[in-house]
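Asker: I am attaching a structure below and will ask some questions about it afterwards.
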Amino acid sequence: MEISVLILDDEQRIIHELSEFLVRKGFAVKTAQTPTAAFKLLNQEQFDVLILDIRLPEMDGLQVLKLVKADHPDLEVILISGHGDMDTVIEALRCGATDFLKKPFRQTELMIAIERTTKFINLQRNLSRLTDDNSLITKELERRVEKNFIGNSAVIRKLLEDTIHLASFADTPIIISGESGTGKEIIARIIHYASPRKDKKFCPINCAALPETLLESEFFGYKKGTFTGALQDKKGYLELSAGGTIFLDEIADMPPNLQSKLLRVLEEKKFMKIGTNMEVPVDVRFVAATNKDLGKLMQDESFRKDLFYRLSAYQIIIPPLRERTEDIEPLLNYFISYFCELNRIPIPKVDPLLLKEIVLYSFPGNVRELKNLVERALIINRSGTLTTDDFPMFSSDDSPVESTLDQIQIAQIKKALQEADNNQSQAAIALGISRFTLIRKIRKYNIE
């Protein structure tokens, strides 16, 4: 949350005194003695405040001010000069200067001028708000964010040991594979919170949920005025997650054009915001997840081989719950305790017959399905003992208790296509997914 300051003055003594003072006050400071050098820095980095002398080589400070405001309208500019008259001051303020200081001035006067800038005030307010929020969020995350992967089986114990070891390699990209509901995001969070990046942001991105038209701008960010509606600069996921971890869920559904751009980020460790030529360095770990066969998708050329090889420095494969039945009972007990504590209700007993029967169930929805079943059972149970009667898969009723997830998705897709007169782009927007994802689902379910 440092405020960055660029000082443009042709006097080395002034530069030295001001930069030394501002660094002591906690600012990030860069300096330049010519407009050319300053423009180069402005194109390479982002600054919050420019301290600008009026008399300069190459061009005067007012000319510099006009050029700077044209290319960097949000930059706060404080003019300084030993020769400023009232006309100059008025012209400077008309051109967008925030303040004007006449040399010689005291360092405290400069500090007051910086504190008057909109950017400084906003940053201080945001810092105060974030400090307050963070103290609450941290406690809430410790209570609510799932970072525990429950299981007693040998395969899960080995998986967790490997995951914790892998977490220490803070830059290594990882692909997590497993069926839907196996806990891929929880493993990704464990990697993040057990790594040196744990104090920075964990940013989960569902590649299938964001519409294709928004995915690139959300990922890379954009410059103010780049397109209609871009009313201010926006930081993308890459910039917001600096120093942390980006979790790319459902990576197989990432549109091909974004796959190529992500590959470039992985190779060059930098990116460009939409609407600017300034390259921004990238310092994040990428963790991707998929429930699809990426090998088959690479053969079909719907997923780039070079991106797969870049992301898969290490692969974690989570087995489905039906292949590790010894984990069902501890998971059942964990979810019972979790929901009882959450809803402040007594913990019920568990019928031994339920424990025998539930390990024989195939759990097509894996751990997520078990979690949802436990929550439902606690809602409908009145006896204080959970039995097979509280779980729909043990119902003797011949009619299905509820539609399967696939049936629900098929019905939603058909309805969206019908309402959009079979326009796939409009249907994808209505469903809140990318057109690429919609096409994949149409093929998967053989929807006419």
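Throughout, read-outs are computed from the coordinates displayed, never taken from laboratory work. Just so you know, these numbers come straight off a predicted model, no measurement behind them. Cβ: placed from backbone, ideal geometry, glycine included. Neighbour counts: every protein chain shown.
Asker: Go ahead and set up a Gaussian network model of the chain, Cα springs under 10 Å, then flag whichever of Ala252, Ala428, Ala28 fluctuates most.
Answerer: Of the options given, Ala28 has the highest mean-square fluctuation.
Asker: Just to be sure I understand: with springs between alpha-carbon atoms less than 10 Å apart, which residue in Ala289, Ala208, Ala32 has the highest mean-square fluctuation in the Gaussian network model of the chain?
Answerer: Ala32
Asker: What does the charge count around Thr388 come to, taking other residues whose C-beta lies under 10 Å from its C-beta (Lys +1, Arg +1, Asp -1, Glu -1)?
Answerer: -3
Asker: Rounded, prolate or oblate, given the Cα gyration tensor of the stretch 4-121, with a/c below 1.5 counting as rounded?
Answerer: Rounded shape, in that the Cα axes give a/c under 1.5.
Asker: With a point put 7 Å past each Cα toward its Cβ, work out how far Glu326 is from Arg344 in nm, to one decimal.
Answerer: Using points 7 Å along Cα→Cβ, the separation is 4.0 nm.
Asker: Ok, one more. Check Lys270: other-chain or 5+ apart residues with amide H under 5 Å from its amide H, H built from backbone geometry?
Answerer: Val282
Asker: Once both axes come from the Cα atoms, what is the angle between helix 256-268 and the longest principal axis of the chain, in degrees from 0 to 90, rounded to 10?
Answerer: Rounded to the nearest ten degrees, it is 60.
Asker: In whole angstrom, note down how far apart the Cα centers of the stretch 301-362 and the stretch 23-48 are.
Answerer: Comparing the Cα centres of the stretch 301-362 and the stretch 23-48, I get a distance of 52 Å.
Asker: Right, here's the next one. Output the antiparallel fraction of DSSP beta bridges having both residues in the stretch 150-317, as a percent to the nearest 5.
Answerer: Within the stretch 150-317, antiparallel bridges account for around 20 percent of the total.
Asker: Starting from the Cα gyration tensor of the stretch 142-295, take the square roots of the eigenvalues, sort them a ≥ b ≥ c, and report rounded, prolate or oblate (rounded when a/c is under 1.5, otherwise prolate if a/b is larger than b/c, else oblate). List each step's numbers first, then the result.
Answerer: Working: a/c = 2.15, a/b = 1.79, b/c = 1.20.
Prolate, since a/c reaches 1.5 and a/b exceeds b/c.
Asker: Considering just Cα atoms, how many Å³ per residue does the convex hull of the stretch 405-445 enclose? Don't jump to the answer; show the numbers that get you there.
Answerer: Numbers: hull volume 2.3 nm³, N = 41.
Considering the Cα atoms of the stretch 405-445, their hull volume per residue is 56 Å³.
Asker: Can you tell me the 0 to 90 degree angle between the C-alpha axis of helix 154-167 and the longest principal axis of the chain, rounded to 10?
Answerer: 0
Asker: Output the antiparallel fraction of DSSP beta bridges having both residues in the chain, as a percent to the nearest 5. Don't jump to the answer; show the numbers that get you there.
Answerer: Values: 5 of 43 bridges.
The antiparallel proportion sits near 10 percent.
Asker: Using only the alpha-carbon atoms, how far is helix 405-419 inclined from the longest principal axis of the chain? Give it as 0 to 90 degrees, nearest 10.
Answerer: Between helix and principal axis, roughly 60 degrees.
Asker: With both partners inside the stretch 217-311, how many of the DSSP beta bridges are antiparallel, as a percent to the nearest 5?
Answerer: DSSP beta bridges in the stretch 217-311 are roughly 50 percent antiparallel.
Asker: Give, in nm to one decimal, the length gained when the segment between Asp389 and Asn43 is fully stretched (0.36 nm per residue of separation minus the Cα-Cα distance).
Answerer: The span from Asp389 to Asn43 would gain 117.9 nm if fully extended.
Asker: Report the equivalent ellipsoid semi-axes for the stretch 321-394 in whole Å, largest first, defined as the square roots of five times the eigenvalues of the gyration tensor built from alpha carbon atoms. Don't skip to the end; give the middle numbers.
Answerer: Working: eigenvalues 71, 35, 23 Å².
So the three semi-axes of the stretch 321-394 are 19, 13, 11 Å.
Asker: Just rank Ile439, Ile205, Ile251, fewest to most, by other beta-carbon atoms within 10 angstrom.
Answerer: With the fewest neighbours first, Ile439, Ile205, Ile251 line up as Ile439, Ile205, Ile251.
Asker: Also, I was wondering about something else. For Thr163, Thr36, what's the fewest-to-most ordering of other Cβ within 10 Å of each Cβ?
Answerer: In order of increasing Cβ crowding within 10 Å: Thr36, Thr163.
Asker: Run the dipole for the chain about the Cα centre, Lys and Arg Cβ at +1, Asp and Glu Cβ at -1, nothing else charged, and hand back the magnitude in debye, nearest 20.
Answerer: Working: 59 positive and 65 negative charges, 51 e Å.
I would put it at about 240 debye.
Asker: Along the Cα→Cβ direction, 7 angstrom out, place labels at Asp283 and Glu161. What is the inter-label distance in nm?
Answerer: 3.4
Asker: Please work out the FRET efficiency for the pair Ser168 and Lys270, using the Cβ-Cβ distance as r and a Förster radius of 25 Å; give the result to the nearest 0.05.
Answerer: 0.50
Asker: Further, regarding this structure: Glu109 versus Ile380, label points 7 Å from Cα toward the beta carbon: distance in nm?
Answerer: Calculated label separation equals 7.8 nm.
Asker: Taking only DSSP H segments of four or more residues, each worth -39500 (n - 2.57), what value at 222 nm results for the chain once the sum is divided by all its residues, to the nearest 500 deg cm²/dmol?
Answerer: -14500 deg cm²/dmol
Asker: Just tell me which aspartates and glutamates come within less than 19 Å, Cα to Cα, of Lys305; anything on the same chain fewer than 8 places away is out.
Answerer: By straight Cα distance, Lys305 reaches Asp249, Glu250, Asp253, Glu267, Glu268, Asp293.
Asker: At a 10 angstrom cut-off on C-beta neighbours, averaged per residue, how do the peptides 292-304, 4-16 rank from highest to lowest?
Answerer: 4-16, 292-304
Asker: Among Lys158/Lys201; Lys69/Lys224; Lys234/Lys273, which pairs are too far apart, with a Cα-Cα distance over 18 Å?
Answerer: Check vs 18 Å cut-off fails for Lys158/Lys201.
Asker: I want the local charge near Ile358. Using Cβ-Cβ distances under 14 Å, sum +1 for each Lys or Arg and -1 for each Asp or Glu among the other residues.
Answerer: -3
Asker: Is the shape of the chain rounded, prolate or oblate, going by the alpha carbon gyration tensor and its root eigenvalues a ≥ b ≥ c, with a/c under 1.5 for rounded and a/b larger than b/c for prolate?
Answerer: Note, shape of the chain comes out prolate.
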